[in-house]
Amino acid sequence: MSGLFTAAFLRRIGWDCDVYERSGVELVGRGAGITTHPELLHALDASGAGTRDLGIEVPKRFAIDRQGRVTAERPLRQILTSWDRLQRLLRATIDPAHYHLGWAFERVEQDGGGVRVHFNGGRVEEADILVGGDGIRSSVRSQVAPELQPIYAGYYIWRGSPNEADLAPKTLKEIFPYFVFYLPPRQEVITYPISGFNDDLRPGHRRYNFIWYRVADAATLKEMNVDERGVQHEHSVPPPLIRKDLIAQMYADARDIMPDVMLDCVMTMKQPFITPIYDVLAPRIVFGRVAMVGDAAANPRPHMGFGVAKAGNDAEALAKALDSHNDIDKALEAYNAERQPVGNTIVMHSRKLGTHMGVDLKTDEDRRMHELLQTDEAMLDWIAVPNFLDAYK
Ligand SMILES: Cc1cc2nc3c(=O)[nH]c(=O)nc-3n(C[C@H](O)[C@H](O)[C@H](O)COP(=O)(O)OP(=O)(O)OC[C@H]3O[C@@H](n4cnc5c(N)ncnc54)[C@H](O)[C@@H]3O)c2cc1C
């Protein structure tokens, strides 16, 4: 997302820009839901990607209890989109001749006036700048700032996106059209509708995004990262290889605690998968002629659903800085001065919301936030709401 946003914004200020993607195949078919914010809608419009058929608008959000009764409710119009839809909109802004699949960044050399970038297969490109938009485990960042490593939050999520057509009539009526929370102690379940396969927005063809936050210490996570064949993975297990005993335990836990409409979502998910939650903070996001954007620059936990908005805003700020300075180095410094503090604020805000999970509460402020977020009312007010950054202006 951040690479595509960067290319779109740089093209608009007249720069030549090439995108190098490690994956050898187009990145489509990822089912994840994406909450939108005014900042993301702005970035999509300003980049030229636009917001056509972006997603599904919900009129309100509410929380339910174990019996499925509504415990708190807020009118809140919000568009829920999907990773696929955003990728397609942004991808269409890039001339295919400038989008290179199967190129993995390996290292960068700098001489003060430009960069020489080495990719797999011995390929080398020279440029004025390198923009690292290669995600939370950025190889670019690990070269220019190896000390900055993602930190495990102490919890993970089970995710999936059951098809609308597979859900029970009660689920479709009571929760499908809405942004819904279920909040047992030290857990968060969040659900909302998203488009179906190939961005299908037709009723009956959509999906329901399901996210279930659960606590696990680092040792437990390591054990969960052993796959069905007994192979230990470092960060997470690819969805088809998740162990059957973990899925069976997840189903059993869901039967014990979930309201029936949420249990229906769990039982109809085709391939539930696990995402461990990490974050990264960075004291700098510019290193000579290398600028970081999106998750590679600073990666918040996903409680606000703001990562793609941040990626778009980083890319726009970078292009604006380059457009308004004749000197590239001064422009990059201006970008660093503007976006590094914002990235940190976003990460710190996500940690604040993460105190709901009751993990590693170090300070009085952590404990105060944890207490505050124990009510359904407070969670509706704080999680994934628009304009949360205004409080920091
Ligand atoms: C559970 C969860 C829920 C989320 N929900 C939301 C939400 O509701 N709303 C929202 O806005 N955000 C959400 N996010 C965050 C969002 O997904 C990320 O912030 C966003 O994808 C960041 O985009 P990025 O381009 O910076 O990084 P990535 O999406 O990680 O992309 C990095 C790209 O770089 C490529 N790459 C990696 N290494 C190399 C290399 N060496 N050479 C070349 N290419 C390389 C990768 O293949 C990948 O395509 C969520 C995240 C999670 C984990």
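The values are calculated or read from the model by the stated rules, or taken from the named source; none is laboratory data. Predicted model only: the values in this text are computed from it and were never measured. Positions of Cβ are generated from backbone atoms using ideal geometry, with glycine treated the same way; all protein chains shown enter the neighbour counts.
Worth a mention:
- When Ile383, Ile328 are checked against the criterion of being farther than 22 Å from Ile190 by Cβ and either within 16 Å of the ligand (Cβ to nearest atom) or touching a residue at least 60 places away in the same chain (Cβ under 8 Å) (or both), a single residue qualifies: Ile328.
- Residue match in the range 113-121 (condition: at pLDDT 95 or above, surrounded by fewer than 13 Cβ atoms within 10 Å (Cβ to Cβ) and over 24 Å from Phe179 (Cα atoms)): yes
- For the range 144-159, the set of residues classified as within 12 Å of the ligand (Cβ to nearest atom) and either among the aromatic types (Phe, Trp, Tyr) or closer than 16 Å to Gln187 by Cβ (or both) consists of Ala153, Tyr155, Tyr156, Ile157, Trp158, Arg159, listed by residue number.
- Screening Asp366 on (1) in contact (Cβ under 8 Å) with a residue 60 or more places away in the chain; (2) outside any loop (DSSP other than H, G, I, E, B); (3) not aliphatic (A, V, I, L, M) shows it passes everything except condition (1).
- The one condition in (1) of a type in the set (Phe, Trp, Tyr); (2) without any contact (Cβ under 8 Å) to a residue 40 or more places away in the chain; (3) within 16 Å of the ligand (Cβ to nearest atom) that Phe176 fails to fulfil: (3)
- Residue that is surrounded by the most Cβ atoms within 10 Å (Cβ to Cβ) [pool: residues in the range 13-35 that are more than 11 Å from the ligand (Cβ to nearest atom) and under 18 Å from the mean Cα position of the chain (by Cα)]: Gly31
- Sole residue being near the ligand (Cβ under 10 Å from one of its atoms) and either in contact with a Gly (Cβ under 9 Å, 6 or more places away or on another chain) or over 30 Å from Thr35 (Cα atoms) (or both), chosen from Ala104, Ala97, Ala127: Ala104
- Test set (1) β-branched (Val, Ile, Thr); (2) within 14 Å of the ligand (Cβ to nearest atom); (3) out of contact with any Leu (no Cβ under 9 Å at 6 or more places or on another chain) - Val280 fails condition number: (3)
- Figure legend. Inter-residue proximity from the range 127-152: first residues outside any loop (DSSP other than H, G, I, E, B), second residues within 9 Å of the ligand (Cβ to nearest atom) and acidic (Asp, Glu), beta-carbon distance below 6 Å, spacing 6+ or different chains. Indicated pairs: Val140/Asp134.
- Checked against the criterion of being within 14 Å of the ligand (Cβ to nearest atom), outside any loop (DSSP other than H, G, I, E, B), not assigned by TED's automatic domain parsing to the domain that holds His42 and not hydroxyl-bearing (Ser, Thr, Tyr), the candidates Ile247, Ile274 yield just one match: Ile274.
- For the condition touching a residue at least 24 places away in the same chain (Cβ under 8 Å), at positive phi and small (Gly, Ala, Ser), Gly305 qualifies.
- Extreme residue, nearest to the ligand (Cβ to nearest atom), among residues of the range 288-306 that are assigned to a strand (DSSP E or B) and crowded, with 24+ Cβ neighbours inside 10 Å: Asn299
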